[in-house]
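Reviewing the structure listed below.
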Amino acid sequence: MIDVFETARQLQDFCDGLGWRSCFIGGIAVQRWGEPRVTRDVDLTLLTGLGGEAGFIDVLLTGYGGRIENSRDFALRHRVLLLSSPGGVGIDVSLGALPFEERVVSRATCFSFGPGLEIRTCSAEDLVVLKLFASRPLDVRDAEGVVIRHREKLDWSHIEEQLRPLVEVKEEPEILQTLARLRRL
């Protein structure tokens, strides 16, 4: 796990050094807000906007290797750049452009995971939104862990306000039923 946190810190320094706005989501944020679990990769939201993604992708590919063939083309099509750190840790960079993603990055704060490991993660509320939107079984369990640990402190109106339009786009209203169930935990 230390390799994952060190990879995250190095990637954060890389992005910050270029003046890029970003924050960690996924397993690293779960370590902060939810029930800790083993994570083997790093998930980052990087604000690129629409239309300028290629410049960000090309710079990242100079510092990190692509994890799949034609990583650049894949990223341009799917808005996720799949990288590997020099130490072999997987890195998924989500190329953010939506107002929701901008809010996620704006609301992010630093957390110390250990000496020299100050890492910027999304908020607990935004992690719940991201995890419920993904809605895989592991993601729902991660969201449950955040709710169990922070139920009284969560801004439930923010969660619903951010999740509702994403659910409408995805056309999966059952995600809101999962949110209602989590509120009753």
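Worth a mention:
- The distance separating the Cα centre of region 138-152 from that of region 26-62 comes to 20 Å.
- In this structure region 1-124 gives 45 Å² per residue of accessible area when probed at 1.4 Å with all protein chains present.
- Accessible surface ranking for L98, L83, 1.4 angstrom probe, highest first: L98, L83.
- When the charge dipole of the chain is built from unit charges on Cβ atoms (+1 for Lys and Arg, -1 for Asp and Glu) and taken about the Cα centre, the candidate among F24, A75, L61 whose Cα reaches farthest toward its positive end is F24.
- Solvent exposure of region 141-185 as accessible area per residue, Å², 1.4 Å probe: 63 Å²
- The calculated pair-distance distribution of region 119-177 uses every alpha carbon pair, bins of 10 angstrom beginning at 0, and gives 24, 58, 18, 1 percent.
- Estimated distance in nm for a label pair at S112 and L176, the labels positioned 7 Å out from Cα along Cα-to-Cβ: 4.3 nm
- For the chain, adding -39500 (n - 2.57) for each run of n ≥ 4 DSSP H residues and dividing by the number of residues yields -17000 deg cm²/dmol at 222 nm.
- Kirkwood hydrodynamic radius (C-alpha pairs) into Stokes-Einstein, region 77-133, 10 °C and 1.306 mPa s, D in µm²/s: 121 µm²/s
- Anisotropy class of region 33-144 from Cα gyration tensor, a/c 1.5 cut: prolate
- With θ taken as phi - 60° and the Karplus curve 6.51 cos²θ - 1.76 cosθ + 1.60 applied, the whole-hertz 3J(HN,Hα) list for region 74-81 is 4, 5, 5, 7, 10, 6, 9, 9 Hz, x standing for glycine and proline.
- Region 8-80: radius of gyration over Cα atoms, expressed as a fraction of 2.2 N^0.38 Å: 1.17
- Extended-chain gain in nm, criterion 0.36 nm per residue less alpha-carbon gap, R40 and L166: 42.6 nm
- Accessible surface of region 58-185, 1.4 Å probe, proportion on carbon and sulfur as whole %: 53 percent
- Computed about its Cα centre, the charge dipole of region 1-148 is approximately 140 debye, with only Lys, Arg, Asp and Glu carrying charge at their Cβ.
- Taking the C-alpha atoms only, the angle from helix 53-63 to the longest principal axis of the chain is near 60 degrees.
- Computed extension length for L98-R149: 15.5 nm, one decimal, from 0.36 nm per residue of separation with the Cα-Cα distance subtracted.
- Other-chain or far-sequence residues with amide H under 5 Å of G65's (modelled H): S84
- Virtual paramagnetic centre 7 Å along Cα→Cβ of W156, amide N under 12 Å, in region 165-179: 179
- Residues whose amide H comes within less than 5 Å of that of L117, counting only those at least five positions distant or on another chain, are absent (H built at 1.01 Å from N in the peptide plane).
The values are calculated or read from the model by the stated rules, or taken from the named source; none is laboratory data. Everything quoted here is computed from the prediction, not taken from an experiment. All Cβ positions, glycine included, derive from the backbone under ideal geometry; neighbour counts span all protein chains shown. Side chains included, ligands, DNA and RNA excluded: accessible areas come from the protein's heavy atoms. Shrake-Rupley method; radii C 1.70, N 1.55, O 1.52, S 1.80 Å.
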